[in-house]
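Student: Sharing a structure here in structure tokens format.
The values are calculated or read from the model by the stated rules, or taken from the named source; none is laboratory data. Just so it is clear, the structure is predicted and the values come from calculations on it, not from any experiment. As a convention, Cβ positions derive from the backbone with ideal geometry for all residues, glycine included, and neighbour counts pool all protein chains shown.
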Amino acid sequence: MRLLLDNNLSARLGEILVREGWDVVHISALGLRAALDPEVLQTARDDHRILVSADTDFGALLAASHATGPSVVLVRRVANKRVEEMADILVANLPLVTDDLDAGCVLVIGEETMRVRRLPL
């Protein structure tokens, strides 16, 4: 799975997911720490990555543009979780919705919930 982690998520999360065998890049590693949301979204699209963020603005941007990609995973109610716990949630759940993520979707994932909305919104 190819992921782009947004600034609001720890780079340590990416390190854990890489150890799990995933292809993960943190936005700061690309020199885009101060990038605006549209640029972050475009970077994910250009690099064929799924954007993982806690920022709901990405869903609104996709809805406003009627875009069909990239997929965005919005982590909700897990912000106070330890990085290891957040990684466990992603590792356990993202493979279950691979088809949706490949097709283009917004996935809202929480500790005990997961909701998928296919793009365009």
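Student: What do you reckon, is residue 66 loosely packed, with under 13 Cβ neighbours inside 10 Å and touching a strand residue (DSSP E or B) at 6+ places or on another chain (Cβ under 7 Å)?
Tutor: no
Student: Determine whether residue 45 is of a type in the set (Lys, Arg), in a helix (DSSP H, G or I) and either at pLDDT 95 or above or in contact with a Phe, Trp or Tyr (Cβ under 9 Å, 6 or more places away or on another chain) (or both).
Tutor: Considered against the rule, which asks whether it is of a type in the set (Lys, Arg), in a helix (DSSP H, G or I) and either at pLDDT 95 or above or in contact with a Phe, Trp or Tyr (Cβ under 9 Å, 6 or more places away or on another chain) (or both), residue 45 comes out as yes.
Student: Could you figure out which of (1) modelled with pLDDT under 95; (2) under 13 Å from the mean Cα position of the chain (by Cα) isn't true of residue 81?
Tutor: For residue 81, the exception is condition (2).
Student: Cβ-Cβ below 8 Å, separation at least six or inter-chain, first residue in segment 30-41 and farther than 11 Å from residue 55 by Cβ, second in a helix (DSSP H, G or I): which pairs?
Tutor: Listed by first residue and then by second, the contacts come to 30/43; 32/39; 32/40; 32/43; 33/27; 35/27; 35/43; 38/61.
Student: Now for a different question. Could you give me the residue pairs with C-beta distances under 7 Å whose first residue belongs to segment 45-60 and is touching a residue at least 12 places away in the same chain (Cβ under 8 Å), whose second residue is of a type in the set (Phe, Trp, Tyr) wherever it lies, and which are 6+ apart or on separate chains?
Tutor: Filtered contacts from segment 45-60: 51/58.
Student: If you take the residues of segment 84-121 that are under 13 Å from the mean Cα position of the chain (by Cα) and of a type in the set (Gly, Ala, Ser), which of them is surrounded by the fewest Cβ atoms within 10 Å (Cβ to Cβ)?
Tutor: Applying the filter and picking the extreme gives 110.
Student: With (1) farther than 24 Å from residue 112 by Cα; (2) assigned to a loop (DSSP other than H, G, I, E, B) as the list, and residue 29 as the residue in question, which single condition is left unmet?
Tutor: The failed condition is (2).
Student: Next question, about the same structure. Could you please tell me which pairs satisfy a Cβ distance under 9 Å, a separation of 6+ or placement on different chains, a first residue in segment 1-18 that is small (Gly, Ala, Ser), and a second residue that is assigned to a helix (DSSP H, G or I) and surrounded by fewer than 21 Cβ atoms within 10 Å (Cβ to Cβ)?
Tutor: Short answer, once both residue conditions are applied: 10/83; 11/28; 11/29; 14/29.
Student: Can you say whether residue 106 is assigned to a strand (DSSP E or B) and in contact (Cβ under 8 Å) with a residue 40 or more places away in the chain, as far as the supplied structure shows?
Tutor: So residue 106 fits the description; yes.
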